[in-house]
Number of protein chains: 2
Amino acid sequence: MTASLKAIDGAADLPAMMTALGAEARAAARVLAIASTAQKNRALAAMERAIRAHAAEILRANAEDVAEAKAGGTTDAFVDRLTLTQARVDAMADGIGIIHDIADPVGAVTERWQRPNGMTIERVRVPLGVIAVIFESRPNVAADAGVLALKSGNAVILRGGSDSFRSCRAIHDALVEGLREAGLPEAAITLVPVRDRAAVGLLLSGLDGNVDVIVPRGGKSLVARVEAEARVPVFAHLEGVNHVYVDRAADLDMAKSIVLNAKMRRPGVCGAAETLLVDRAAESNLAPLVTMLLAAGCEVRGDEAVQRVDPRVKPVVDADWDTEYEAPIISVKLVDGVDDALAHIAQHGSHHTEAIVTADETTAAKFLNEVDAAIVLHNASTQFADGGEFGFGAEIGIATGKFHARGPVGAEQLTSFKYRVHGTGQIRP
Amino acid sequence: MTASLKAIDGAADLPAMMTALGAEARAAARVLAIASTAQKNRALAAMERAIRAHAAEILRANAEDVAEAKAGGTTDAFVDRLTLTQARVDAMADGIGIIHDIADPVGAVTERWQRPNGMTIERVRVPLGVIAVIFESRPNVAADAGVLALKSGNAVILRGGSDSFRSCRAIHDALVEGLREAGLPEAAITLVPVRDRAAVGLLLSGLDGNVDVIVPRGGKSLVARVEAEARVPVFAHLEGVNHVYVDRAADLDMAKSIVLNAKMRRPGVCGAAETLLVDRAAESNLAPLVTMLLAAGCEVRGDEAVQRVDPRVKPVVDADWDTEYEAPIISVKLVDGVDDALAHIAQHGSHHTEAIVTADETTAAKFLNEVDAAIVLHNASTQFADGGEFGFGAEIGIATGKFHARGPVGAEQLTSFKYRVHGTGQIRP
């Protein structure tokens, strides 16, 4: 990489620079695709050490970013997402250790069968190629996404928010140190080395076929822009408008515990519940559920039946049913059994995560079968929508589309496959 | 469907008609997604019977299409692809019987694991939704694609070449008879009811999110247009520039048999070999392979070393290495061992199907591991690149991309998955 690429604010010829960067990432992807598990793990171990060793530089760079953001008058929430602490740097290093320890998905034979002519066919996992990750203010995404891509044998091009540029560069330097120690190409984890926002548009174009998939990590406007403009596949979710349906056959204590957790454990995560559907056939469940939510500090919105439970319940408007609050707010509705719940979810759900609480196995099976969502749960909280909770070690996001990846996108979901055919001279009749 | 939609040449308001058609397909997809295997198979059995029962109408409609095409002055090859015979109608019906008999992919649990907190997570196959199949002159694709989509629980919108419009309509009528007999929605298999070519552009737009994937079946210009314009995912392959590498450790008799089959069994299929790479370390294999190909009526193109074998060998030009001949022509090159073969394939291959002939297991493993193609074969013919030969029953095409489907696209590849989580009241700490 030439010195000019190190310029913070722009490059003389951004399109040419981005094209070169794509070609270098493609070349690195070819090397990574056939790198051994041991070599990739050597790099990951070195990266974990480097992040810990360079914590001071990372925090110093981050302090500059934070100072600039504050001077620019951003919100407290934004500054919080941007700010790194020693604990957050430690967590980043710990995360690399977790990825080091998970199984290497590349090379795994997922199916093997023999044909009548004696040929054996194997389906084996291979990397996707080059992944572009476009994220906003959280600088730790640079480490999370970089190492997950590496573990799955992919090259990655990282484009962080311009506010976190210095932090990302310091983290990236540590990751590259790990690549170098393991003898892997430095372009395996590339950081777009300029803040120029036009770089995002160029990434979305696919860089002459050198970007295989784009993963947006950030708010709705970023994800919507990426989905609208990308000329290559995108692993994205726009929102999680998730429901908990409390069926007539629900155990009330279990329902209370699950609803409270689904909404209030962390109201801002994409797996949080936004709407509670209560079966009218067990309308007596409504009051204790609403009262519990109000007592926990959750704003409750509902129609007149729900408002009758407590004067603090606010009127619900149509738009509420389609809203991801990302806040301690919940909309509540009485429905006429599982069919009505399914109809409501089909109309308003975002194909993310949906849960039913019931002791009736037949009703549960119907719900799990008929709801069209990446994750459907019976008698468990929607907040389990998370790659770590699924046992994937880590995730790069939760996909709500149906193509390739769906649900938590971990190392395995960042792979494709090929067919290996073993013959003894077979020809086709 | 109103009578006006039955107009052959156009609709008063094509965009509105196509939008309505997308919405109807989406509604049908919801029904199909939860249809039982028995109900889908009842429809398939009825379709097979209906195709046989209406063979005369189908052949009559086809004769009109063929007459129009001949009057318009098309090529013989085009007329051959367009023409149906009793044997071809029988084959279409037989094909439906095969799809009837394959396993239903929907609902299959492909993975199941338990989390430390006692939750069980299952990964289960679900349909993709609505598939649009855009094809050219072969009317049998209407039946093949329609029934494969149905088996996998998807609704399908078929758009055939305008030259085969009457044939497709007659086939479609028979398929709809089967849907009706099984009580499934008629929009489950929709035929775009007008010849207006603008319908293709509207399909590529995704019809307001009601098309989930587009499958182009046809020549390079169709596939290229679809890949360039589609606003939704595409299962496509642009071409199969496939290689057979004859390693120094190859058995010559096996190599001759495989090379002859790979090129000459059916030179026009996408799994046909286009380039023969011969290891220079066993240069003595070159002459018998080239002589055999010439004797079989294959045109051979090569550099001076290859030309020395026989005066009938023609000079190769650079463009040959990137050409899918779809004809009895092969380009031949001496390479310096497996590494040179891999480099040539990396530069010129189209990620479709690649084969090595060798008795050396280490070399074979290296080749199968390092070649980036949907299908890699050791000691077997490239012509096995076919869903039927893989045991998939049938295929809608061979995908060379790495997303979602790769290789032969059968019923299983037309599904996605969701996670079903079974709990006993678990909440996330």
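Values in this text are rule-based calculations from the coordinates and carry no lab data. Since this is a predicted model, take the numbers as computed values, not measurements. Neighbour counts are summed over all protein chains in view; Cβ atoms, including those assigned to glycine, are modelled from backbone coordinates with ideal geometry.
Quick look at the numbers
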item	result
Lys, Arg +1 and Asp, Glu -1 on Cβ, resulting dipole of chain A about Cα centre, debye, nearest 20	1520 debye
Environment charge at A:Thr74 (Cβ cut-off 15 Å; Lys +1, Arg +1, Asp -1, Glu -1)	-4
Relative contact order of the stretch A:242-394, defined on C-alpha pairs under 8 angstrom at six or more residues apart (%)	31 percent
Innermost chain B residue relative to the axis carrying B onto A, by Cβ distance in angstrom	B:His404, 2
For the stretch B:242-386: rounded, prolate or oblate by the Cα gyration tensor [a/c cutoff 1.5]	rounded
For the stretch A:121-134, Karplus couplings with θ = phi - 60° (6.51, -1.76, 1.60), whole Hz, Gly/Pro x	10, 10, 9, 10, 6, 10, x, 6, x, 10, 10, 9, 10, 10
Phi-based couplings in Hz for the stretch B:242-250 (Karplus 6.51, -1.76, 1.60; Gly and Pro marked x)	9, 10, 10, 9, 9, 6, 4, 8, 7
Using alpha-carbon coordinates, inclination of helix A:86-101 to the longest axis of chain A, degrees	80 degrees
Other-chain or far-sequence residues with amide H under 5 Å of B:Arg195's (modelled H)	B:Asp9, B:Gly10
Spin-label proximity, A:Asp303 to the stretch A:310-329 - amide N less than 18 Å from point 7 Å beyond Cα toward beta carbon	A:310, A:313-323
Unit charges on C-beta of K, R, D, E only; dipole of the protein assembly as shown, Debye	340 debye
Chain B: calculated mean residue ellipticity at 222 nm from DSSP helix runs of at least 4, using -39500 (n - 2.57)	-12500 deg cm²/dmol
Cross-link reach list, lysines versus B:Lys366, counting only Cα pairs under 30 Å and skipping chain neighbours closer than eight places	A:Lys40, A:Lys151, A:Lys418, B:Lys256, B:Lys263, B:Lys333, B:Lys402
Copy-to-copy label separations for B:Arg312, where each label sits 7 Å from Cα toward Cβ, in nm and ascending	9.2
Selected from B:Ala394, B:Ala359, B:Val376, residue furthest toward positive end of dipole (the stretch B:320-429; charges at beta carbon)	B:Ala394
Amide H within-cut-off set for B:Ala394, under 5 Å, with H built and near neighbours excluded	B:Ala411
The stretch B:368-396 and the stretch B:44-98: distance between their alpha carbon centers, rounded to Å	29 Å
Amide H within-cut-off set for B:Ile329, under 5 Å, with H built and near neighbours excluded	B:Glu299
Gyration tensor verdict on the protein assembly as shown (Cα atoms; rounded if a/c is under 1.5, prolate if a/b is larger than b/c, oblate otherwise)	oblate
17 Å cut-off, amide nitrogen to a point 7 angstrom out along A:Thr120 Cα→Cβ, residues in the stretch A:95-113	A:107-113
Pseudo-label separations to other copies for B:Thr291 - Cα-to-Cβ vector, 7 Å, nm	9.7
About the Cα centre, charge dipole magnitude for the stretch B:242-386 (Lys/Arg +1, Asp/Glu -1 at Cβ), debye	520 debye
Calculated from backbone phi, Karplus (6.51, -1.76, 1.60) coupling profile of the stretch A:391-402 in Hz, x at Gly/Pro	x, 8, x, 6, 9, 9, x, 10, 8, 10, x, 10
FRET efficiency for A:Ala224 and B:Arg197, using Cβ-Cβ distance with R0 set to 41 Å, rounded to 0.05	0.85
B:Glu64 paired with B:Ala77, simple spin-label distance in nm, labels 7 Å along Cα-to-beta-carbon	2.9 nm
Separation of alpha-carbon centers, the stretch B:177-228 and the stretch B:311-336, rounded to whole Å	37 Å
Calculated FRET efficiency for the pair A:Asp251/A:Glu57, C-beta based, R₀ 51 Å, to 0.05	0.45
Cα gyration tensor shape of chain A, rounded if a/c is under 1.5, else prolate or oblate by comparing a/b with b/c	oblate
Nearest-first distances (nm) between copies at A:Pro116, label 7 Å from Cα via Cβ	5.0
